[in-house]
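In what follows, a structure is listed as structure tokens, so that the remarks can point back to it.
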């Protein structure tokens, strides 16, 4: 990586946004309100962390970013769908996300549910589109689709959301909060890294490094998120804070306190960095990303 | 087909249910409530029309049903997810489906939304599973995934649901009601036929026959559904009837009257049968299915 991390992230955000713009029907396509709602949430200023992790792991294995952008865009579609549905009144009932009204506040519940549905479906449309599949062996593409479907499904992301809600107001232990964040956040972050590496043709040993890195990074990212809910600046975060406490959410900071949560983040990030040592200098982007995750304020 | 259509459908329903049972985690897998909710709706006694259409088209092209069952199961997952979400309070707000409480009435809204999410995701997990993909050229599998994603997405099934809701209480013309049912129902029924044919290696000319057949059959199926809402027996249907009128839904029977709607069904089914003439006797199963659709009372 010849650039600084902020430059690298900004450049790739640009590539990802261009790709999303190409794959998501415009507001001039019927049904207009639905496509407008999909774009509203997709282009609400997300960090594009999952796409960037997929691009980075792909580059580490293949030495270039040629052809990876549709995968990056698909991962952002999955992430955005999960945010829209998690914010619904029947779930976390949030009004603000990234400084803007949540989808159901802006478009009503029906359109929000359908915009989420359309985005998870679009992810698989992108991953099976000729623009993507023509550049890779099709067995690799199928392995990538499977990776993302498993991470997003009833034993991944959705399981995490079920447990996150179930433990509201209930007593959770360390095993329980680990299980929540490992699924709610860790699964898709890990799949971002492994799918990028798989697409580039990583062998099983390399995949294992990316998998452990992703799991640890994902957990650290979520604990940092929960800490920011406790201590962060709502202006800067663009969402309401101190929600977890009010709602009795089971989080690491609520269970162990902020100092202990900070230690846990540091330990997870150090485990993450350790996992990719065998990848050598090529993996420097991921090392810089671990530092960024530990320090992020938004 | 050496059997009668009822035998053929019963046998294949058995194969599809076995396949679903294998792919859907049991209620003994965590999160139990989520998997229970997925199974509750999947095994609520559906006709398995979409799976059976995929199996039939696959058999017509390939001469056997070897390997097609995961595709059939995936189509039923997509269909069931769409029913769960369509029944939600924010959408059609239905309490009964197939003689049982709808998912959100039984499990609450949050679990119903997530069970639907998990089922659409599971469809793509099944379609990318080695059990399915090992039996076919991977380019065909990717074409099948694309077919289903497009039919289910924001310019297919989801568009249909958006328009269906939008036209409630509004004046619709024939073009509008055609567009609603073509997307809401026709798109996935057409994709059931084309994906089965694609998987079996159909050429472009054959695909065109299946595509037209599926579109016409799907539209006829939905108009018959709307007629049954107007005239059917709620006991036998297992759901509340006369809902469309109360809610001011734009349907063919409400716009043109029952007699004219019956004519439209007959014309569509005759167009459907015409479209598959070039396939000859091999397509007799589909001919019997058009008769069944015209007469069905549930």
Legend entry - Selection from the stretch A:154-167 of residues that are surrounded by fewer than 24 Cβ atoms within 10 Å (Cβ to Cβ), assigned to a loop (DSSP other than H, G, I, E, B) and at the interface with chain B (Cβ under 7 Å from one of its Cβ atoms): A:155
Legend entry - Test: residue B:114 is facing chain A (nearest Cβ under 8 Å) and either touching a helix residue (DSSP H, G or I) at 6+ places or on another chain (Cβ under 8 Å) or in a helix (DSSP H, G or I) (or both): yes
Inset, instruction - Please give the number of the condition residue A:218 fails out of (1) within 27 Å of residue B:32 (Cα to Cα); (2) surrounded by fewer than 24 Cβ atoms within 10 Å (Cβ to Cβ). - result: (2)
Inset, instruction - Determine whether the stretch A:230-246 contains at least one residue that is under 19 Å from residue A:151 (Cβ atoms) and either surrounded by 16 or more Cβ atoms within 10 Å (Cβ to Cβ) or in contact with a helix residue (DSSP H, G or I) (Cβ under 6 Å, 6 or more places away or on another chain) (or both). - result: no
Legend entry - Yes/no for residue A:4 being more than 14 Å from chain B (Cβ to nearest Cβ) and either surrounded by fewer than 17 Cβ atoms within 10 Å (Cβ to Cβ) or at positive phi (or both): yes
Inset, instruction - Could you grab the pairs with beta carbons closer than 6 Å, sequence gap of 6+ or different chains, first residue in the stretch A:197-226 and outside any helix (DSSP H, G or I), second one surrounded by fewer than 24 Cβ atoms within 10 Å (Cβ to Cβ)? - result: A:200/A:61; A:200/A:62; A:202/A:61
Legend entry - Selected residue (only one of B:103, B:82, B:129 is under 16 Å from residue A:146 (Cα atoms), at pLDDT 95 or above and touching a helix residue (DSSP H, G or I) at 6+ places or on another chain (Cβ under 7 Å)): B:129
Legend entry - Scan of the stretch A:41-73 for residues that are assigned to a helix (DSSP H, G or I) and at pLDDT below 95, ordered by number: none
Inset, instruction - For the stretch A:115-131, name all the residues that are buried (at least 24 other Cβ atoms within 10 Å of the Cβ) and more than 20 Å from the chain's Cα centre (by Cα). - result: A:128
Inset, instruction - Run residue B:29 past the list (1) assigned to a loop (DSSP other than H, G, I, E, B); (2) in contact with a strand residue (DSSP E or B) (Cβ under 7 Å, 6 or more places away or on another chain) and report the number of the one that doesn't hold. - result: (2)
Legend entry - Residues being without any contact (Cβ under 8 Å) to a residue 60 or more places away in the chain, under 22 Å from residue A:127 (Cα atoms) and crowded, with 19+ Cβ neighbours inside 10 Å - total across the stretch A:18-34: 3
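Let me confirm something: among A:38, A:91, which residue is over 15 Å from the mean Cα position of the chain (by Cα), within 14 Å of another protein chain (Cβ to nearest Cβ), within 24 Å of residue B:121 (Cα to Cα) and in a helix (DSSP H, G or I)?
A:38
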Inset, instruction - Mind listing just one residue for me: the one in the stretch B:240-257 that is part of a loop (DSSP other than H, G, I, E, B) and touching a residue at least 60 places away in the same chain (Cβ under 8 Å) and, of those, farthest from the chain's Cα centre (by Cα)? - result: B:248
Legend entry - Residue satisfying condition, being touching a residue at least 40 places away in the same chain (Cβ under 8 Å), more than 7 Å from every other protein chain (Cβ to nearest Cβ), under 26 Å from residue B:119 (Cβ atoms) and touching a helix residue (DSSP H, G or I) at 6+ places or on another chain (Cβ under 7 Å), within set A:123, A:172: A:123
Legend entry - Extreme residue, surrounded by the fewest Cβ atoms within 10 Å (Cβ to Cβ), among residues of the stretch B:94-111 that are at the interface with chain A (Cβ under 8 Å from one of its Cβ atoms) and touching a residue at least 12 places away in the same chain (Cβ under 8 Å): B:109
Inset, instruction - Considering every residue within the stretch A:179-188, establish whether at least one is more than 8 Å from chain B (Cβ to nearest Cβ), under 18 Å from residue A:20 (Cβ atoms) and either in a helix (DSSP H, G or I) or over 16 Å from the mean Cα position of the chain (by Cα) (or both). - result: yes
Legend entry - Residue check, residue B:84 farther than 17 Å from residue B:51 by Cα, part of a helix (DSSP H, G or I) and more than 8 Å from chain A (Cβ to nearest Cβ): yes
Inset, instruction - Mind listing just one residue for me: the one in the stretch B:126-150 that is touching a residue at least 60 places away in the same chain (Cβ under 8 Å) and in a helix (DSSP H, G or I) and, of those, farthest from the other protein chains (Cβ to nearest Cβ)? - result: B:131
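The values are calculated or read from the model by the stated rules, or taken from the named source; none is laboratory data. No experiment lies behind these values; they were computed from the predicted model shown. Cβ sites come from the backbone with ideal geometry, for glycine too, and all protein chains shown count toward neighbours.
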